[in-house]
Amino acid sequence: MSETTNIPNRVSVREVHIPQAPPPLSTVGVIGWLRQNLFSSPLNAVLTILSFYLLYTVLPPLIDWVFLTSVWTGDSNQDCKGIEGACWAIIPNRFGQFIYGFYPEAERWRVNLTFVLFCLNLLPVLSDRIPGRAYAAVFIVAIFPIIAYVLMYGAFGLPIVPTNQWGGLTLTLVLASVAILFSLPLGILLALGRRSEMPIIRTICIAFIELWRAVPLITVLFMASFMLPLFAPEGVNFNELMRALIGFTMFSSAYMAEVVRGGLQALPKGQNEAAQALGLNYWQSMRLIILPQALKIVIPGIVNTFIGLFKDTALVSIIGLFDLLLVAKSSVTDVKWLGLEHEAYIFVAALYFVFCFSMSRYSLWLERKLDTGNR
Amino acid sequence: MSEKINEVRAPSASELSDEPVIQINGMNKWFGQFHVLRDIDLTVYRGERVVICGPSGSGKSTLIRCINRLEEHQQGSIIVDEIELTDDLKQIDSVRREVGMVFQHFNLFPHLTVLENCTLAPIWVRKTPKAETEEIAMEYLTRVKIPEQAEKYPGQLSGGQQQRVAIARALCMRPKIMLFDEPTSALDPEMIKEVLDVMVDLADTGMTMLVVTHEMGFARQVAHRVIFMDDGQIVEQNEPKEFFSNPQSDRTKLFLSQILAH
């Protein structure tokens, strides 16, 4: 031992404390950012230059088409004759149909009112700044659908607007929001049921989930639309939209159940044990301990399912419901607007994007907010 | 740790009450084919502090987890505070209300603040008003010496602090019995002392404690009885002084020589 301690550098005592120094210039600031993100290796440098070239060739003509040489007003495609750019005139002209479908113009205030009320109800569910989140969540699932039904379908003196007149964005939002709002609680119950220790409940949940997941959504819609009436007793006629809604909700709740189950399984067993050891019963520990954590883990998966669901509502056009996409499709078969597929579909795509992107951003915000810094 | 432990309070059996609070008779448990607890007979008296030690896999954790029914036993009987543990969920819940537990990995609820961790069970299980539970919680957080962390989340605390919160959380239910399942095994060495100190303080209040641990210093200092388990059986039990200075069975001697060797 004593010999080795004589070898230099094996024994040392630091006498001067080293203070923090700024990082080298090449790693911070604009130059640092460029180096790290755009030119970090020869391959990346080539890809960066290639990307810039691509943008250079695509962007100017696109901007030209969309903004510079486009026409924004007019009464038919005749007003766009000889124009190179987009003929956006179709959008303001057909705006009513894009949004409301064939909902009578005089009654459209009912749709608007329903939408405003829905947003007012949704706000406290989404934000924690407004008190009463739990009540709002129960209300939006249990009470609001009745209000929406009365307002949009008609009752108590409001003239009835049959659902085959509903269409456009309105129909898309009705389908998406009903399926989203009901599939989450249903999916949670199914996920809990699938992990239940009671064999009958577990078997029923597994059968339900596997059955709905094994069938394509289109088949579900076809079944709901064409097969169900065959089996239904004489005289009983489910509303077409209602059948689509039920099909959608069942289908998405099966997916939701599996997403939630993923979250439940990701939780360490100790959480449940700690809840039990404190004397919390099953529903208390699920509600207070397990689900808040499990759902937080699977926010990306839940929102993924929601977004998928939102876009899948476009499939109802195959059973003849006039959702946003079908309205767009039919509007360009009008002689007045022939040949304007690009404009109509781009507008529809933009609407879809607004809703889906908002959901995506909300989920990111929620994830950040709920992050309490545990492992 | 050492100064405090050397003063050896040597708790004597005479200060104990003769009122049994846990009675385990002829208890057997299997994990599948594996006979994990064999013919366990154990009576713990009110105010008694029992340390359970033994090699890993000897069934000591499973034993104390049976006492609050985190594990189900298959034969024999367990009576806790005059309530027998059966399939009856109500009885299980009322036992759990009286028995606090501290886990090796703390198992704090990461989505709740320290204070909320402590008040949750009193609010929902004991139905105590919120303001009152917060007062109680702050009292116990003060006793485990971290009142200033009340508004933080568990993820922001060190391991030792988390374990002290876990002890406070269990105490907020005002349990009659405390179970500790290797409370210091997951801690960095420099944090073990702060947790043991809290446990020693708790022992001073006369709490009935069952502690699974390898901290033999702690056993010497506070335990009335040390139980050595191996292969699912209680091999030897004695008061600490005798247990360490004069172990009887060869298995105990071997175990002690291995853990006290360095």
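The values are calculated or read from the model by the stated rules, or taken from the named source; none is laboratory data. Quick caveat, the model's predicted, so the values are computed rather than measured. All Cβ positions, glycine included, derive from the backbone under ideal geometry; neighbour counts span all protein chains shown. Areas reflect the complete protein model, heavy atoms only, side chains present, ligands, DNA and RNA absent. Shrake-Rupley method; radii C 1.70, N 1.55, O 1.52, S 1.80 Å.
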Semi-axes of the equivalent ellipsoid for the range A:181-303, Cα gyration tensor, largest first, Å: 34, 15, 12
Identify all aspartates and glutamates with a Cα-Cα distance to B:Lys90 below 19 Å; exclude those on the same chain that are fewer than 8 residues away in sequence. A:Glu197, A:Glu273, B:Glu71, B:Glu72, B:Asp81, B:Glu82, B:Glu98
Ratio for the range B:30-117, C-alpha Rg to 2.2 N^0.38 Å, reads 1.22
Karplus-derived 3J(HN,Hα) from phi for the range B:253-258 (6.51 cos²θ - 1.76 cosθ + 1.60, θ = phi - 60°), whole Hz, x at Gly and Pro, runs 4, 4, 4, 5, 5, 6
Residue-ordered couplings for the range B:188-196, obtained by feeding phi - 60° into the Karplus form 6.51 cos²θ - 1.76 cosθ + 1.60 and rounding to whole Hz (Gly and Pro as x), are 5, x, 6, 9, 5, 4, 4, 6, 4
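Let me know the mean shielding of A:283-290 by other chains, meaning the per-residue number of their Cβ atoms within 10 Å of its Cβ. Intermediate results must be reported in sequence, preceding the final value.
On the way: counts 0, 4, 2, 0, 1, 8, 5, 1.
The mean count of partner-chain Cβ atoms within 10 Å per residue comes to 3.
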Could you give me the radius of gyration and the Dmax of the range A:133-253, taking only the C-alpha atoms into account and expressing both in angstrom? 16.5, 51
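Give, to the nearest whole percent, the P(r) tail of the range A:273-317 beyond 15 angstrom, counting all Cα pairs.
Values: 579 of 990 pairs.
Tail of P(r) above 15 Å: 58 percent of Cα pairs.
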For chain A, with a Gaussian network of springs between Cα atoms less than 10 Å apart, report the residue from A:Pro19, A:Pro216, A:Pro104 with the top mean-square fluctuation. A:Pro19
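Once you wrap a convex hull around the alpha carbon atoms of chain A, what is its projected area averaged over all directions, in nm²?
Working: hull surface 137.1 nm².
Taking the Cα atoms of chain A, their convex hull projects to 34.3 nm² on average.
So with the 1.4 Å probe, I'd like the accessible area per residue for the range A:1-103, rounded to whole Å².
Numbers: 8300 Å² over 103 residues.
Per residue, the range A:1-103 has 81 Å² of solvent-accessible surface.
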Projected area averaged over all directions for the convex hull of the alpha carbon atoms of the protein assembly as shown, nm², comes out at 45.0 nm²
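Any idea of the total accessible area buried by the A-B contact, 1.4 Å probe, rounded to 100 Å²? If you can, show how the numbers build up before the last one.
Working: alone 23350 and 12160 Å², together 33500 Å².
Result for this pair: about 2000 Å² buried.
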What nm distance separates the two modelled labels at B:Lys145 and A:Leu122, each placed 7 Å from Cα along Cα→Cβ? 5.3 nm
Between 0 and 90 degrees, rounded to the nearest ten: what's the tilt of helix A:144-153 against the longest Cα principal axis of chain A? 30 degrees
Residues in the range A:285-315 that a label on B:Lys130 would reach, taking backbone N under 16 Å of a point 7 Å out along Cα→Cβ: A:288
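Run the count for chain A, please: Lys pairs, Cα-Cα under 20 angstrom, 8 or more apart or on different chains.
On the way: A:Lys81/A:Lys336; A:Lys269/A:Lys296; A:Lys296/A:Lys369; A:Lys311/A:Lys329.
Final tally of qualifying lysine pairs is 4.
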Other-chain or far-sequence residues with amide H under 5 Å of B:Val36's (modelled H): B:Lys29, B:Trp30, B:Phe31
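Taking the DSSP beta bridges in the protein assembly as shown as the whole, what percent of them are antiparallel, to the nearest 5? Numbers along the way, then the final one.
Values: 21 of 40 bridges.
Percentage antiparallel, nearest 5: 50.
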Give, ordered by residue number, each residue of the range B:94-117 whose 1.4 Å probe accessible area is reduced by a minimum of 30 Å² on adding the remaining protein chains to the chain alone. B:Arg96, B:Phe103, B:Asn107, B:Phe109, B:Pro110, B:His111
Connecting every pair of Cα atoms under 10 Å apart in chain A and solving the GNM, the largest mean-square fluctuation among A:Ile297, A:Ile289, A:Ile209 falls on A:Ile289
Treat the range B:1-154 as a sphere of radius equal to its Kirkwood radius over Cα pairs and apply Stokes-Einstein at 10 °C in a medium of 1.306 mPa s; give the translational diffusion coefficient in µm²/s, rounded to a whole number. 87 µm²/s
For the range A:238-252, in order, what is each residue's ³J(HN,Hα) by Karplus, 6.51 cos²θ - 1.76 cosθ + 1.60 with θ = phi - 60°, in whole Hz (x at glycine and Pro)? 5, 5, 4, 5, 4, 5, 4, 4, 5, x, 4, 5, 4, 4, 6
Which Cys residues of chain A have no other Cys beta carbon under 4.7 Å away? A:Cys119, A:Cys205, A:Cys356
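Counting only heavy atoms of protein chains, what accessible area per residue, in Å², does the range B:46-134 have with a probe of 1.4 Å?
Details: 3370 Å² over 89 residues.
Accessible surface, normalised per residue, equals 38 Å².
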Which of A:Val66, A:Val332, A:Val111 fluctuates most in a GNM of chain A (C-alpha springs under 10 Å)? That residue is A:Val66
Could you look at the range A:53-131 and say what percent of its accessible area is carbon and sulfur, using a 1.4 Å probe and all protein chains? 68 percent
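With runs of 4+ DSSP H residues as the only contributors, calculate the mean residue ellipticity of the protein assembly as shown at 222 nm using -39,500 (n - 2.57) per run, divided by the residue total and rounded to the nearest 500. If you can, show how the numbers build up before the last one.
Numbers: 27 runs with 332 residues, N = 637.
It lands at -16500 deg cm²/dmol.
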Quantify how strongly other chains surround peptide A:265-273 by giving the mean number of their Cβ atoms within 10 Å of each of its Cβ atoms. 3
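Can you tally the net charge around A:Pro92? Count Lys and Arg as +1, Asp and Glu as -1, for every other residue whose Cβ sits under 14 Å from the Cβ of A:Pro92.
Numbers: positive: A:Arg94, A:Lys336; negative: A:Asp75, A:Asp79, A:Glu343.
Net local charge, A:Pro92 excluded: -1.
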Once amide H atoms are placed 1.01 Å from N in the peptide plane, what residues at a sequence separation of 5 or more from A:Asp334, or on another chain, have their amide H within under 5 Å of its amide H? none
Sorted by chain and number, the residues with a modelled amide H under 5 Å from that of B:Thr208, at a separation of 5 or more or across chains, are B:Gly47, B:Met178
Simple SL model, points at 7 angstrom along Cα→Cβ for B:Asp88 and A:Trp72; separation in nm is 7.8 nm
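Sort A:Tyr153, A:Tyr352 by accessible area with a 1.4 Å probe, largest first.
Numbers: A:Tyr153 55, A:Tyr352 30 Å².
Result of the area sort, largest leading: A:Tyr153, A:Tyr352.
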If one computes the Cα centroid of the range A:6-50 and of the range A:106-134, what distance in Å separates the two points? 51 Å
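Starting from the Cα gyration tensor of chain B, take the square roots of the eigenvalues, sort them a ≥ b ≥ c, and report rounded, prolate or oblate (rounded when a/c is under 1.5, otherwise prolate if a/b is larger than b/c, else oblate). Walk me through the numbers before you get to the answer.
Working: a/c = 1.69, a/b = 1.24, b/c = 1.36.
The shape class here is oblate.
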Wrap a convex hull around the Cα atoms of the range A:35-189, take a quarter of its surface area, and give that in square nanometres. 16.6 nm²
